[in-house]
Amino acid sequence: MSLKAVVGTNILEVIKSVRKNKEWRVLVVDKLGMRMISSCCKMHNLTENGITIVEDLAKKREPLTTMEAIYLIQPNQNSVDILKKDFESIRSLQYRLAHVFFTEACPDDLFTEICRSPASKFIKTLKEINIAFLPCEAKIFSLDNPSSFSTLYNPAKTSHCASTLEKLAAQIATLCSTLGEYPSVRIRGEFEHNAELGHIIQSKLDAYKADDPTMGEGVDKHRSQLLIIDRGFDPVSPLLHELTFQAMAYDLLQIENDVYKYEAPSPDMPDKEVLLDDNDELWVELRHQHIAVVSQEVTSKLKKFAVDKRMKCKEDKTSVRDLSVMLKKMPQYQKELRVYSTQLRLAEDCMTKFKGNVEKLCRVEQDLAMGTDSEGEKIRDHMRSIVPILLDQNITSMDKIRIILLYIIGKNGISEENLAKLIQHAQIPEPEKNIVTNMKRLGVQVIYDPKFRKPKTIERKERVSEHTYQLSRWSPLIKDIMEDACNDKLDQKLFPYLSGKPASSGHSSSGTRSARYGHWSKGPSRSEHRSGPRLIVFILGGMTYSEMRSAYEVCREFNTWEIYMGSTHMITPENFLSELCDLSNS
């Protein structure tokens, strides 16, 4: 089941629920609402359901006093203040009436504030729809909260931790509610915030269960798990140069908000912008493949398309320039050809970077991460391969820092003297030195201390048969963890259940939910969801694109399980290093 499809359907149901006599409505959204709409709904779907315009809550809007407005917003002080202002006076109404849908539970004080304001006379609907997360892909979600990394891992910001964890817990609970799941909560026990977050989520899930006793019922649903893990569980994966298409592109190219910008193949054409998302079927098919086969795949598919359309196509490898010629000759197929052109250009740009410095970096990184060479032999002296990289003037300081950190992690800490030498050889600028030392905030021993207790972790699996490419031998640790969870083999000492054991299939929760909403009522009922266990993995502090790929791989391996992965935010190696650097700020 695609998260995007579920959320898109739920949003449209909300809109339909307040449409009468085919009247047109205005849809007003905040930042999260806008991203949800952009990700999960197409404009024609909104138009079909009576939405004539989508407006940003935070921007100045033209009054439309003859129309009713649907608000899809988070229940925070800023949003509530703007809502009240929209209906402050009958002489300055923004809209005729309001239908307000909060993405999560509204705090009592804000609810009281709304009730006592003049706006309450114009609010026809007030509901909580429990969708406070961002579906990024079919199996991937984000809480869109990158600042939480600094809050949770910077000791100077401890005072903000409680409110941050409360916010994250509320968002994760809405995900479970949307999926109709009441999972057993498990945590990685080595990081204190995991347990704090888990307990808050559990209390919120109990409240949802009290409101809807059918939540979490179904065949094998007692096996469903919510697994909470911190970023420190695998500090290696965010540092490596990945060679699968999506992870490689996001690491090496300038892709912002999933938009890839590139120069047009001919000077007389404007620069191109393309959105890399689930609506692009070719991108979805290629994104988890190794870069070595992507160009071949695109060329092969293009040849088939050309044969089907009786077009001429080169027998050997096709280039972006060849495609631009085909576009001019066959303009009626430009939409299809542009899809191929985009992926081909993306692959070519990745390979250009790879043939620069990335290839030799990958070789050293894989040896450091695995501790062995491509033949499986243990490496006795890493310095022989590291020093030439550190002395190379053509390699950026950030790439050198990635190598230094991988070496430190593999050695489980080094002496201050050796660290100083490495930084000196690499000529790391003063402001960036903190990146290395701040890795200790994630539980990594940077400076060797004989008293340091290395966090326990699961035993790595041998995957020799899975790896065709010498420069892609590392598998994210999360893949092993997910496989063990699906096989009921995940170590309960390392990843304990909060309740001490999995929930039984007959579990029910007592308690009642406030009926404070009266005639405003609660949100629409959940749609039926397929039976079978689900594993929901949440990484506190950012997830990598290689980890996202692993979720799909394990989902294919265990087809009786549905697997979803989410995090506070998505990270590239550059993001990760930048966030580590910021941990020095008070």
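Condition check ((1) assigned to a loop (DSSP other than H, G, I, E, B); (2) modelled with pLDDT of 50 or more; (3) surrounded by fewer than 21 Cβ atoms within 10 Å (Cβ to Cβ); (4) within 27 Å of the chain's Cα centre (by Cα)) across all residues:
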residue	(1), (2), (3), (4)
ARG513	yes, no, yes, no
GLY523	yes, no, yes, yes
SER546	no, yes, no, yes
SER550	no, yes, no, yes
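Helices (runs of 4 or more DSSP H) wholly in the stretch 1-82 with at least 3 residues that are out of contact with any helix residue (DSSP H, G or I) (no Cβ under 8 Å at 6 or more places or on another chain) and in contact (Cβ under 8 Å) with a residue 24 or more places away in the chain - which ones?
Numbers: elements: 3-17, 31-40, 43-48.
Qualifying helices (runs of 4 or more DSSP H): 3-17, 31-40.
Are any residues in the stretch 94-105 surrounded by 19 or more Cβ atoms within 10 Å (Cβ to Cβ) and either closer than 25 Å to ASN10 by Cβ or at pLDDT below 95 (or both), and if so, which ones? Outline the logic, then answer.
Of the stretch 94-105, the ones surrounded by 19 or more Cβ atoms within 10 Å (Cβ to Cβ) are 94-95, 98-105.
Passing the criteria: TYR95, ALA98, HIS99, VAL100, PHE101, PHE102, THR103, GLU104, ALA105.
Within the stretch 413-435, how many residues are out of contact with any Leu (no Cβ under 6 Å at 6 or more places or on another chain) and not in a loop (DSSP other than H, G, I, E, B)? If you could, list the steps in order and put the result at the bottom.
Pass one, the stretch 413-435, residues out of contact with any Leu (no Cβ under 6 Å at 6 or more places or on another chain): 413-424, 427-434.
Cutting the leftovers down to not in a loop (DSSP other than H, G, I, E, B) gives us 414, 416-424, 430-434.
Total satisfying the criteria: 15.
What pairs can you find where one residue is in the stretch 272-285 and at negative phi, the other is part of a loop (DSSP other than H, G, I, E, B), and their Cβ atoms are less than 7 Å apart, with a gap of 6+ or different chains?
LYS272/ALA264; LEU275/ASP258; LEU276/ASP258; ASP277/ASP258; ASP278/GLU137; ASP278/ALA138; TRP283/LEU276; VAL284/ASP278
Would you point out which residue out of ALA156, ALA162 is touching a residue at least 60 places away in the same chain (Cβ under 8 Å) and either open to solvent by 60 Å² or more (accessible area, probe 1.4 Å) or not hydroxyl-bearing (Ser, Thr, Tyr) (or both)?
Details: ALA162 fails: touching a residue at least 60 places away in the same chain (Cβ under 8 Å).
None of the other options fit; the residue is ALA156.
Residue-wise test of (1) modelled with pLDDT of 90 or more; (2) of a type in the set (Val, Ile, Thr); (3) within 31 Å of the chain's Cα centre (by Cα); (4) open to solvent by 80 Å² or more (accessible area, probe 1.4 Å).
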residue	(1), (2), (3), (4)
GLU365	yes, no, yes, no
GLU375	no, no, no, yes
LEU405	yes, no, yes, no
LYS433	yes, no, yes, no
LYS451	no, no, no, yes
LYS461	no, no, yes, no
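Would you check which residues across the stretch 552-575 are part of a helix (DSSP H, G or I) and over 18 Å from SER2 (Cβ atoms) and list them?
Keep residues of the stretch 552-575 that are part of a helix (DSSP H, G or I), which gives 552-557, 573-575.
Answer for the stretch 552-575, where residues must be part of a helix (DSSP H, G or I) and over 18 Å from SER2 (Cβ atoms): GLU557, PRO573, GLU574, ASN575.
Out of the stretch 463-483, which residues are open to solvent by 70 Å² or more (accessible area, probe 1.4 Å) and either free of Cβ contacts under 8 Å to residues at least 60 places away in the same chain or outside any loop (DSSP other than H, G, I, E, B) (or both)?
If the condition is that a residue be open to solvent by 70 Å² or more (accessible area, probe 1.4 Å) and either free of Cβ contacts under 8 Å to residues at least 60 places away in the same chain or outside any loop (DSSP other than H, G, I, E, B) (or both), then VAL464, SER465, GLU466, GLN470 are the ones that fit.
The values are calculated or read from the model by the stated rules, or taken from the named source; none is laboratory data. Please read these numbers as outputs of a predicted model, since none were measured by experiment. Cβ sites come from the backbone with ideal geometry, for glycine too, and all protein chains shown count toward neighbours. SASA here: full protein model, heavy atoms, side chains in, ligands and nucleic acids out. Shrake-Rupley method; radii C 1.70, N 1.55, O 1.52, S 1.80 Å.
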